[in-house]
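Comments concern the structure below.
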Amino acid sequence: QVQLVESGGGLVQAGGSLRLSCAASGNIIFRFNAMGWYRQAPGKQQREKVAGISSGGSTDYADSAKGRFTISRDNAKKTVYLQMNSLKTEDTGVYYCAAGDYMAGYGFYIGASGHWGQGTQVTVSS
């Protein structure tokens, strides 16, 4: 079993900041896994990749996140973070942590053997 538990979501004013955390446990060798963050905006069917980080620390970001969001990991704590600054109303959604794979030239992808967390709500008000 693998568990990914997100925390840190909440309600914030536009221009503010939040830091999301995702703690991994169970049957996972965390330091060997690529990790990512996705979000699902209200009224949309698909989850959008926001950021990813490889086991070696390479990162990729959605265009909408570049310059504002930073993904990082602490292997000793088996935790991945998403620091979100200068938040906009369009950042609103449920943010999901994922464990998967990372491909050079593409970035993070969850793959068939990946795992999802349950999500944490982020609401940015104007």
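The values are calculated or read from the model by the stated rules, or taken from the named source; none is laboratory data. None of the values given here were measured: they were computed from a predicted structure. So basically every Cβ, Gly included, is an ideal-geometry build from the backbone, and we count neighbours across all protein chains shown. Protein only, heavy atoms only, side chains kept; ligands, DNA and RNA dropped before computing areas. Shrake-Rupley method; radii C 1.70, N 1.55, O 1.52, S 1.80 Å.
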key: Matching residues in region 15-32 - criterion: being modelled with pLDDT under 95 and surrounded by 14 or more Cβ atoms within 10 Å (Cβ to Cβ)   = ILE28, PHE30
note = Per the filter on region 1-14, residues open to solvent by 60 Å² or more (accessible area, probe 1.4 Å) and among the β-branched types (Val, Ile, Thr) are VAL5
message = Can you find, within region 33-46, the residue that is most open to solvent (accessible area, probe 1.4 Å) among those that are more than 12 Å from the chain's Cα centre (by Cα) and not charged (D, E, K, R)?
response = GLN45
query = Is there a residue in region 86-99 that is farther than 15 Å from CYS22 by Cα, at pLDDT 95 or above and open to solvent by 70 Å² or more (accessible area, probe 1.4 Å)?
reply = yes
remark   = Subset of region 62-80, residues surrounded by fewer than 20 Cβ atoms within 10 Å (Cβ to Cβ) and under 10 Å from the mean Cα position of the chain (by Cα), comes to THR70, SER72
inquiry  = Quick check on my filter: what residues within region 62-108 are in contact with a strand residue (DSSP E or B) (Cβ under 7 Å, 6 or more places away or on another chain), of a type in the set (Ser, Thr, Tyr) and without any contact (Cβ under 8 Å) to a residue 40 or more places away in the chain?
reply    = THR70, SER72
